[in-house]
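The values are calculated or read from the model by the stated rules, or taken from the named source; none is laboratory data. If you're wondering where the values come from, they're calculated on a predicted model, not measured in any experiment. Positions of Cβ are backbone-derived with ideal geometry, glycine not excepted, and every protein chain shown enters the neighbour counts.
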Amino acid sequence: MPFDARPKLAVFKFSSCDGCQLSLLNLEDELLSLVGEVEIAYFLEARSQILPGPYDVSLVEGSITTAEDEKRIKAVRKDSKYLITIGACATAGGIQALRNWQDVAEFTRAVYATPAYIHTLEKSTPISAHVPVDFEVNGCPINKMQILEVITQLLEGRALHLPSHSVCMDCKRRGTVCVMVARGLPCLGPLTRTGCGAICPAYNRGCYGCFGPLDAPNSDSWCAQVMKDGMQRADMVRLLRGFTGFQGTFRSASDKWEKAT
Amino acid sequence: MASENTNREKTVKVDYLTRVEGEGGVYVRSEGGELREVKINIFEPPRFFEAFLRGRYFQEVPDITARICGICPVAYQMSAVHALEAALEVIPPPEIRALRRLLYCGEWIESHALHIYMLNAPDFLGYESVVAMAADHPQEVEQALRLKKIGNRLLAILGGRSVHPVSVCVGGFYKAPHRKELESLAADLRWGIEASKETLAFVTSLSFPSYTPDYEFVSVSHPNEYPMNERRIVSSKGVDIEPEEFERVYLEEHIEYSTALHSSRADSGASYFVGPLARINLNLDKLMPQALEAARTCGVSWPCRNPYMGIVARAIELIHACEEALAIIEAYREPASSRVEFKVHAGQGCAATEAPRGLLYHRYRIDDRGLVEFSRIVPPTAQNYHRMEDDLKAILPGVLNQSEAEIAQVCEKLIRTYDPCISCSTHFVKLRLERG
């Protein structure tokens, strides 16, 4: 056990929907024993008690979108032994990173009557763009069993590790007939990291990339295939630019094919 | 967190509201013992959903708007599909309507169980959190977790997962559930009805501050159903309108200290109140039989204008949601098709549905390729901010002599009764008090 005493756990939120924090509270069967193993020192959504840092483990939800948050994440890093990002916003910039391809001043005018009241950065960026991150848990939302696994690994002093194969493997295990091969549906599964349990194809639709791109997928081959199946380039670029669109291959492939149009 | 200076001016700041979804604070300023200013500051960063939805295909909208809120994604999916179906002139058949209500029941159960026991009850019992409460009330906490789990399982069966489910589409569902999967929940839901009645007995035993302002309650209303998905919007002050008239009757304004928009009555500028208390006050007779019986015999007279009794309204809705979910499951036959076919064309449509925390309005305009040209989303919490500030203005003069910690607690307790969702409304809470 790498911690001398019951480790202090903190949960911090940046720009996000709170869904990944909620995934922790959704550990209904494990929550009370988890609270026995770690001391919840800072978790605004769940408790009023706030214990000062430093913290042994900080779980960080959300992306960085304001100058204030740019400073706050540095303070969180300084206060944290392990900093673990949870979810697509914190690891990839989230759906709000769609602004990164647009004019944020125009976005502000579109949503707010008095844009001068709004202070925001040009881009929505993942935590790793600002401070060193010890481990990333992907997903929009995260899979609660994955975060439980990572906390267990930390408590037992094991190396932090989650599987990194594609969603396709999970479809095979689940016995789901391939929606791309059998039905010609555009599916990001071949490019997307495991974690959700291959839900979408089991619900008669293509994967839309919640868990982010694999480290080195063959995106050219995938793009060629979906276009061969009849998908328009603009639609393909849009599919690549979803909840993890500002990350890795999704970002580079969407930029490449947008320019190609 | 607070300061007192020589010019008899005093400020109190609640820097971070806790046990709410998302982040915001409260700023209170008094002078010579008189309340001068109350602001609920929302500093949840803006995420610009209404801007980046432009150019997205209409069928992506329910997936994207779900991400506005991890606690009530189904509400965002429901308002989105109903508004887009209005734009595309799609009328889903009764079996799809029933499945949508079932999905909504799952979210109400999960969200209400979370709010009643884990976010709100600690306020009444004097605990800082459910973690602290669990030591003295293990039975209640275990009951809460089991109820919450039932709601989440229902969501996962219908939608693949409980947070951001994947099955909802314009026209229906990508996949309808198998009867056997749903039947596996029947015993749990029967237990849930009884556990919800115990929850109601537990919350009605709490002591509530006496405060009953003249609220305008606003909710969705349907001739034969407790309000969830459809359709008209009614208020306790005589409003009875189609959703198309919502933006004419209720206005959203942008306030300097907030990244959330605030809503008011367009004619008078007055605040109004959405949420479970509004729903029950306006639709009591539409509750399912056991929920109605419980509401009539729980010792509360309806309509109820005490905001702190929102927790009672949630418990009654918890009974209702378990009861209605069970009824839908018992009557369920797998539909021949899980979604209706339709032609894509340009159009504009709007809809209001009932999120766990209140009325949620969406409006979209799409072009002839089905791409979004315009969207407007009015979340329940944004509609309640103005009312929360009015409540604090009414309550705080009576407590200004108390310590800052006590004033902060009064603010937080009031605000939490609304079950605010700050992430949602930003497009929320921290107390800052200045007093002199």
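Take A:S58 and decide whether it is at the interface with another protein chain (Cβ under 10 Å from one of its Cβ atoms) and touching a helix residue (DSSP H, G or I) at 6+ places or on another chain (Cβ under 9 Å). Quick ask: steps written out before the conclusion?
On the way: at the interface with another protein chain (Cβ under 10 Å from one of its Cβ atoms): no; touching a helix residue (DSSP H, G or I) at 6+ places or on another chain (Cβ under 9 Å): yes.
Judged against the criteria, A:S58 is not a match.
Looking at the structure I just gave you, is A:S58 among the hydroxyl-bearing types (S, T, Y), assigned by TED's automatic domain parsing to the domain that holds A:L83 and at pLDDT below 95? Steps first, answer last, please.
Working: among the hydroxyl-bearing types (S, T, Y): yes; assigned by TED's automatic domain parsing to the domain that holds A:L83: yes; at pLDDT below 95: no.
Against the criterion (among the hydroxyl-bearing types (S, T, Y), assigned by TED's automatic domain parsing to the domain that holds A:L83 and at pLDDT below 95), A:S58 does not qualify.
Scan the range A:216-230 and tell me whether some residue there is in contact with a Phe, Trp or Tyr (Cβ under 7 Å, 6 or more places away or on another chain), assigned to a helix (DSSP H, G or I) and surrounded by 14 or more Cβ atoms within 10 Å (Cβ to Cβ). Yes, because at least one residue in the range A:216-230 is in contact with a Phe, Trp or Tyr (Cβ under 7 Å, 6 or more places away or on another chain), assigned to a helix (DSSP H, G or I) and surrounded by 14 or more Cβ atoms within 10 Å (Cβ to Cβ). Apart from one condition, A:S128 fits all of (1) within 14 Å of chain B (Cβ to nearest Cβ); (2) among the hydroxyl-bearing types (S, T, Y); (3) part of a helix (DSSP H, G or I); the exception is (1). For B:K39, the criteria (1) within 14 Å of chain A (Cβ to nearest Cβ); (2) crowded, with 22+ Cβ neighbours inside 10 Å; (3) touching a Phe, Trp or Tyr at 6+ places or on another chain (Cβ under 8 Å) hold in every case but one, which is (2). In the range A:20-71, which residues are touching a strand residue (DSSP E or B) at 6+ places or on another chain (Cβ under 8 Å) and among the acidic types (D, E)? Within the range A:20-71, A:E39, A:E45, A:D56, A:E61, A:D69, A:E70 qualify. Within the range A:159-179, residues that are of a type in the set (S, T, N, Q) sit with their Cβ atoms under 9 Å from residues that are in a loop (DSSP other than H, G, I, E, B), at 6+ positions apart or across chains, in these pairs: A:S164/A:T194; A:S164/A:L214; A:S164/A:D215; A:S166/A:T194; A:S166/A:L214; A:S166/A:P217; A:T176/A:A198.
Restricting attention to the range B:247-271, and to residues there that are part of a strand (DSSP E or B) and among the charged types (D, E, K, R), which single residue is modelled with the highest pLDDT?
B:R265
Of the residues B:A51, B:A83, B:A113, the single one that is away from chain A (no Cβ under 12 Å) and either more than 20 Å from B:P165 (Cα to Cα) or within 20 Å of the chain's Cα centre (by Cα) (or both) is B:A83.
If only residues of the range A:45-59 that are of a type in the set (S, T, N, Q) and more than 11 Å from A:R77 (Cα to Cα) are counted, the one that is surrounded by the fewest Cβ atoms within 10 Å (Cβ to Cβ) is A:Q49. In the range A:84-109, of all residues being in a strand (DSSP E or B) and surrounded by 24 or more Cβ atoms within 10 Å (Cβ to Cβ), the one that is nearest to the other protein chains (Cβ to nearest Cβ) corresponds to A:I86.
For the range A:187-198, the criterion of being over 21 Å from A:F246 (Cβ atoms), at pLDDT 95 or above, touching a strand residue (DSSP E or B) at 6+ places or on another chain (Cβ under 9 Å) and among the charged types (D, E, K, R) is satisfied by no residue at all.
For the range B:151-167, give me each residue that is hydrophobic (A, V, I, L, M, F, W, C) and either crowded, with 24+ Cβ neighbours inside 10 Å or at the interface with another protein chain (Cβ under 7 Å from one of its Cβ atoms) (or both).
Here is the first cut: in the range B:151-167, the ones hydrophobic (A, V, I, L, M, F, W, C) are B:154-158, B:163, B:166.
Those that are hydrophobic (A, V, I, L, M, F, W, C) and either crowded, with 24+ Cβ neighbours inside 10 Å or at the interface with another protein chain (Cβ under 7 Å from one of its Cβ atoms) (or both): B:L154, B:L155, B:L158, B:V163, B:V166.
Listed by position, the helices (runs of 4 or more DSSP H) inside the range B:102-189 whose residues that are at pLDDT 90 or above and assigned by TED's automatic domain parsing to the domain that holds B:C421 number at least 2 form an empty set. When the range A:205-253 is filtered for residues that are polar (S, T, N, Q) and closer than 25 Å to A:P163 by Cβ, the ones remaining, listed by number, are A:N218, A:S219, A:S221, A:Q225, A:T244, A:Q247, A:T249, A:S252. Hey, can you tell me all the residues within the range A:62-83 that are surrounded by 13 or more Cβ atoms within 10 Å (Cβ to Cβ) and of a type in the set (A, V, I, L, M, F, W, C)? A:I64, A:I73, A:V76, A:L83, listed by residue number.
Does B:R67 satisfy being basic (K, R) and within 14 Å of chain A (Cβ to nearest Cβ)? I'd like the intermediate steps shown before the answer.
Values: basic (K, R): yes; within 14 Å of chain A (Cβ to nearest Cβ): yes.
Yes; evaluated as a whole, the condition is true for this residue.
One residue stands out in the range A:188-210 among those that are more than 26 Å from B:G172 (Cβ to Cβ) and under 14 Å from the mean Cα position of the chain (by Cα): the one that is nearest to the other protein chains (Cβ to nearest Cβ), namely A:G195.
Condition check: more than 9 Å from chain A (Cβ to nearest Cβ), more than 29 Å from B:C411 (Cβ to Cβ) and buried (at least 20 other Cβ atoms within 10 Å of the Cβ). Does B:S219 satisfy that? When the stated conditions are applied, B:S219 does not pass them. In a residue-by-residue description of the range B:98-108, the property of being under 23 Å from A:S23 (Cα atoms), in contact with a helix residue (DSSP H, G or I) (Cβ under 9 Å, 6 or more places away or on another chain) and either acidic (D, E) or within 9 Å of chain A (Cβ to nearest Cβ) (or both) applies to at least one position.
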